Amino acid sequence: MSITIEPRKAVEVPVRVFGMDRDGKPFSENLTTVDVSLHGAKLRGMKAKLQTDEIIGLTYAKNKGHFRVKWIGTPGTATEGVLGLLSLTPAKPFWDFPLFQTEPETFDNSPGNERRCWPRVKCSISVELHAPGQSVIWGKASDIGQGGCFVEMAIPLPNDTRFDIALWLGENKLHLQGQVASVQLGFGNGVRFLGLTSEHQEHLRDFIRTITPPEAAPC
């Protein structure tokens, strides 16, 4: 399976954000990027008061797109005025400069080391993470494949952290072992599933088939 591990590129370019603030008033501000990736961006200099999960507009050069606010800096700290955004149209190129390409991570579909290509499928799945020595962390998986998923949360876990993970697949709750495969500050963690049994694989495969668009069928 291909797991998207998305690095960020530190770059400062001028952008404009616009939309409605948390009081329902329109705003339009010129900001500067801190870093960007294929699917998101971190900006600084925000004056308007927003709330997480709000959808706002972003323009850069001649490009315009819509982004979801996933993280807001804390007032009175070094992060005040900083925003973490996630693109609502990740398949559409937004920036006019090259970004790091992601490296695929293969999923070894044992037995027999049969390798299959399963693309990530967009979703919205409730997730519980049980990391050693920590209270339960609630999050949302925004994409999933047979070998892993991406869990959105404001404070990601450190790279390589292992944990128990429970995913709500429809009406069923699937308990698995997981490990942090990538970290996106302000956005969440790429998660690699560990020790999948044939039963786990079957549950995942059946669920993914129900949410996979025809044009994104496994290769």
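Throughout, read-outs are computed from the coordinates displayed, never taken from laboratory work. As the structure is a prediction and not an experimental result, all values here were calculated from the model. Note: ideal-geometry Cβ built from the backbone for every residue, glycine included; neighbour counts use all protein chains shown.
For this structure, a couple of remarks:
- Computed from backbone phi with θ = phi - 60° and the Karplus coefficients 6.51, -1.76 and 1.60, the 3J(HN,Hα) list for the range 14-25 is x, 9, 10, 10, 8, x, 10, 7, 5, 9, x, 9 Hz; x is used for glycine and proline.
- Summed side-chain charge close to Glu12 - residues other than Glu12 whose Cβ falls under 15 Å, Lys, Arg +1, Asp, Glu -1: +3
- Subtracting the Cα-Cα distance of Trp138 and Arg209 from their residue separation scaled by 0.36 nm leaves 23.1 nm.
- Our note on the geometry: Cα centres of the range 124-142 and the range 194-212, 19 Å apart.
- Length available on full extension from Lys92 to Asp23: 0.36 nm per residue minus the Cα-Cα distance, which gives 21.8 nm.
- Take every Cα pair under 8 Å whose residues are at least 6 apart in sequence, average their separation, divide by the length of the range 9-87, and the relative contact order is 27 percent.
- When the pairs Lys42/Lys92; Lys9/Lys64; Lys25/Lys62; Lys47/Lys92 are compared against a 23 Å limit on Cα-Cα distance, Lys25/Lys62; Lys47/Lys92 fall above it.
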